[in-house]
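The values are calculated or read from the model by the stated rules, or taken from the named source; none is laboratory data. Worth saying up front: this structure is predicted, and the values here are computed from it rather than measured. Cβ placement follows ideal geometry from the backbone for every residue including glycine, while neighbour counts extend to all protein chains displayed. The area values use the complete protein model at the heavy-atom level, side chains included, leaving out ligands, DNA and RNA. Shrake-Rupley method; radii C 1.70, N 1.55, O 1.52, S 1.80 Å.
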Amino acid sequence: MPHHADFTANRYLRLAPEVRDALASGRPVVALESTVIAHGLPRPTNLTVAREMEAAIRAESAVPATVALLDGSIVVGLSGAELERLATTDEPVAKASRRGLAVALAQRSLAATTVAGTLACAALAGIRVFATGGIGGVHRGATQTFDISADLIELGRAPAVTVCAGIKAILDLPLTLEYLETQGVPVIGAQTDDLPAFYCRTSGLRVPFRAETPAEIAAIARAQWESGLGGGLLVTCPIPEAEALPESDFADALAQAERDAADAHVSGPAITPFLLARIGALTEGTSIAANRALLLNNATWAARIAVALARVEP
Ligand code: PSU
Ligand code: MN
């Protein structure tokens, strides 16, 4: 797939040499977000999993590009040392959605990128495939709070395939699907008709589209981009069976975490990290093991899709 993004002319963008070379020669690259490293997973699991995701992508012969903001640059492809800094630092790390990017650049502060932030940066670099755990969405009670993740807007805007394990049950799943339809995002179930629900394989909601293979997904993405339609696509992969959480365990932990969030008056960008941490504690780490498993599975799917996209069509 040819890349036309003029990353050479952007003084805010710093690509790892390996990522730059791969993009220049049309080899597969997969972007990775960093909010899951800085705010989504507890230490030291965060660093282990970040490295494992990169390794999973390399195992499929694609190049990983973890994105974060450091020292006034959008770094696309953190070095080993930079990844470690992000995962272990005592400095404050901002959680940057699209709105936080320019501020972090101008102030030269350390910022981890959310799905929305990473997609915006990937588009600047010309990366077409992105792996994450779960996307942000329409929060429960959003009719009152208006808390709808910028991820949903960026999914409609950035020309990339985002691979996730569905929508976390901390969100309002039906409303999130509605919003994705409004944004024009095709939501594709990978080998499933049922929308995956992050820690659990099924949600009871139907995905609008289904595909069996990375090649099929690549063909849909090509059709969307080469026709001139543009915008993003969302691929949802069920968590591997062995690591899925029993639905009842999760529902109890979520209900408790939501009561704790209300008691602590947590809102805005802090709500997702708060709920994830509480659920981790309440499920005694089984949710963390599940999170790791789905992240690695998504990285593998994303790499295979990137490889299929990079292949020249006969
Ligand atoms: N889902 C997870 N772990 C995470 C996130 C989502 O399982 O760490 C992060 C992602 O970076 C996502 C962000 O983009 O939370 C959404 O935050 P908000 O709801 O504030 O937009
Ligand atoms: Mn929000």
Please work out if PRO214 is away from ligand 1 (no atom under 16 Å from the Cβ) and either at pLDDT 95 or above or in contact with a Cys (Cβ under 9 Å, 6 or more places away or on another chain) (or both). yes
Do the conditions hold for ILE167, that is, is it β-branched (Val, Ile, Thr) and either more than 30 Å from SER25 (Cα to Cα) or crowded, with 24+ Cβ neighbours inside 10 Å (or both)? yes
Find the residue count for region 134-193, including only residues that are of a type in the set (S, T, N, Q) and assigned to a loop (DSSP other than H, G, I, E, B). 4
I need the full set of residues from region 78-107 which are over 19 Å from ARG43 (Cα atoms) and open to solvent by less than 10 Å² (accessible area, probe 1.4 Å), in order please. ALA96, ALA104
Only residues that are within 12 Å of ligand 2 (Cβ to nearest atom) and either surrounded by 20 or more Cβ atoms within 10 Å (Cβ to Cβ) or of a type in the set (S, T, N, Q) (or both): list them for region 136-146, please. GLY136, GLY137, VAL138, HIS139, THR145
Looking at (1) surrounded by fewer than 16 Cβ atoms within 10 Å (Cβ to Cβ); (2) more than 16 Å from ligand 1 (Cβ to nearest atom); (3) aliphatic (A, V, I, L, M), which is the one condition that is false for ALA270? (2)
Per the filter on region 36-50, residues touching a residue at least 40 places away in the same chain (Cβ under 8 Å) and crowded, with 16+ Cβ neighbours inside 10 Å are VAL36, ILE37, ALA38, HIS39, GLY40, LEU41, THR45, ASN46, LEU47, VAL49
Region 260-288: number of residues that are out of contact with any helix residue (DSSP H, G or I) (no Cβ under 6 Å at 6 or more places or on another chain), at pLDDT 95 or above and in a helix (DSSP H, G or I): 1
Take the residues in region 21-35 that are more than 16 Å from ligand 1 (Cβ to nearest atom) and touching a residue at least 40 places away in the same chain (Cβ under 8 Å); name whichever of them is surrounded by the fewest Cβ atoms within 10 Å (Cβ to Cβ). GLY26
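Identify, please: which residue in region 112-130 is within 12 Å of ligand 1 (Cβ to nearest atom) and in a strand (DSSP E or B) and is, among those, nearest to GLN183 (Cα to Cα)?
In this case the residue turns out to be PHE130.
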Going through PRO196, PRO174 one at a time, which residue ends up being farther than 22 Å from ALA56 by Cβ and not charged (D, E, K, R)? PRO174
Among the residues of region 147-164 satisfying the criterion of being open to solvent by 10 Å² or more (accessible area, probe 1.4 Å) and in contact with a Phe, Trp or Tyr (Cβ under 8 Å, 6 or more places away or on another chain), which is farthest from THR272 (Cα to Cα)? PRO159
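For the condition modelled with pLDDT of 95 or more, more than 16 Å from GLY268 (Cα to Cα) and within 13 Å of ligand 2 (Cβ to nearest atom), what is the one hit in THR162, THR132, THR118, THR176?
THR176
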Would you pick out the residues in region 14-32 that are closer than 13 Å to ALA125 by Cβ and small (Gly, Ala, Ser)? ALA16, ALA22, ALA24, ALA31
Which residues, counting only those in region 209-251, are crowded, with 20+ Cβ neighbours inside 10 Å and either more than 24 Å from ARG157 (Cβ to Cβ) or in contact with a His (Cβ under 6 Å, 6 or more places away or on another chain) (or both)? PRO238, ILE239, ALA244, LEU245, PHE250
When both residues are 6+ apart or on different chains and their Cβ atoms are under 9 Å apart, which pairs have a first residue that lies in region 51-67 and is more than 20 Å from ALA111 (Cβ to Cβ), and a second that is crowded, with 22+ Cβ neighbours inside 10 Å and among the charged types (D, E, K, R)? GLU60/ARG304; ALA62/ARG304
